[in-house]
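*Asks:* Input: one structure, supplied below.
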Amino acid sequence: LSRPYAARAMEAIGKPFEKAGRFDQQSMVCGQCHVEYYFDGKNKAVKFPWDDGMKVENMEQYYDKIAFSDWTNSLSKTPMLKAQHPEYETWTAGIHGKNNVTCIDCHMPKVQNAEGKLYTDHKIGNPFDNFAQT
C-alpha cells in the first residue's frame, strides 16, 4: 500500500496487507482512497473510523462516541456527517466482496493491444464501457 494511513488501518483491523491474499490486496489498493475517512486532531491525520467495526452503523457509533461532525446545518443547527466515499466498506459487506469479485475485475478489465498482448486496462471507469471484458 502506498498510503501509510491505509496500512495502519488494515493492520488495526487484523488485515495486514503483506499477509493478505491477492484478492484482498487488490481491493485494499483501491480501498486506500475509496473509503470513509476524516481528518483527526490538530495535525489533521487521515483516520478511518473503524474502531467499532466497518459497517455503517459501527462508523456512526464511532462518530457519535467522539462527538464528530463534518458540518452543522445552518437552519436546524444539527451536526451532520458527510460520508466521503465508503466504497471499500460497502464492497466488503456487499455481494461483490462476498463472492470474490474485486474492484479491478470490473473497473480495470483485461484488454488486448494491437499486437494481441493481454494487459490490465488502467483507464479506470464505468464497467459497462467494457462489459464484454469484465
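Any read-out appearing in this document is the output of simple, stated calculations on the displayed coordinates, not a laboratory observation. Model, not experiment: these values are computed from the prediction. For neighbour counting, all protein chains shown are included, and Cβ atoms are generated from backbone atoms with ideal geometry for every residue, glycine included.
*Asks:* Can you figure out the FRET efficiency of Lys42 with Arg22, using R₀ = 35 Å and their beta-carbon distance, to the nearest 0.05?
*Replies:* For R0 = 35 Å, the calculated efficiency reads 0.35.
*Asks:* If R0 is 30 Å, what FRET efficiency do you get for Lys55 and Phe131 from their C-beta distance, rounded to 0.05?
*Replies:* So, using R0 = 30 Å, E works out to roughly 0.45.
*Asks:* Right, here's the next one. Based only on Cα atoms, what mean projected area does the convex hull of region 39-99 have, in nm²?
*Replies:* 5.1
*Asks:* Let me ask another. Anyone know which of His107, His85, His122 comes out most mobile in the 10 Å Cα GNM of the chain?
*Replies:* His122
*Asks:* Also, quick follow-up: As a footprinting exposure proxy, order Glu18, Glu115 by other Cβ within 10 Å, with the fewest listed first.
*Replies:* Glu115, Glu18
*Asks:* With an 8 Å cut-off on Cα pairs and a minimum separation of 6 or more residues, tell me the relative contact order of the chain in percent.
*Replies:* 19
*Asks:* Further question: What's the exposure ranking of Ser74, Ser69, going from fewest to most Cβ atoms within 10 Å?
*Replies:* Going from least to most buried by this count: Ser74, Ser69.
*Asks:* Continuing with this model, one more query. List the pairs from Lys47/Lys98; Lys15/Lys77; Lys42/Lys98; Lys15/Lys82; Lys42/Lys123 whose alpha-carbon separation is above 29 Å, in the order I gave them.
*Replies:* Table pairs above 29 Å Cα-Cα are Lys15/Lys77; Lys42/Lys98; Lys42/Lys123.
*Asks:* Here are labelled values, (1) 60, 37, 29; (2) 91, 35, 24; (3) 55, 30, 21, and one is the computed Cα extents along the principal axes in Å for what I pasted. Which one?
*Replies:* Computed from the coordinates, Cα extents along the principal axes in Å corresponds to (1).
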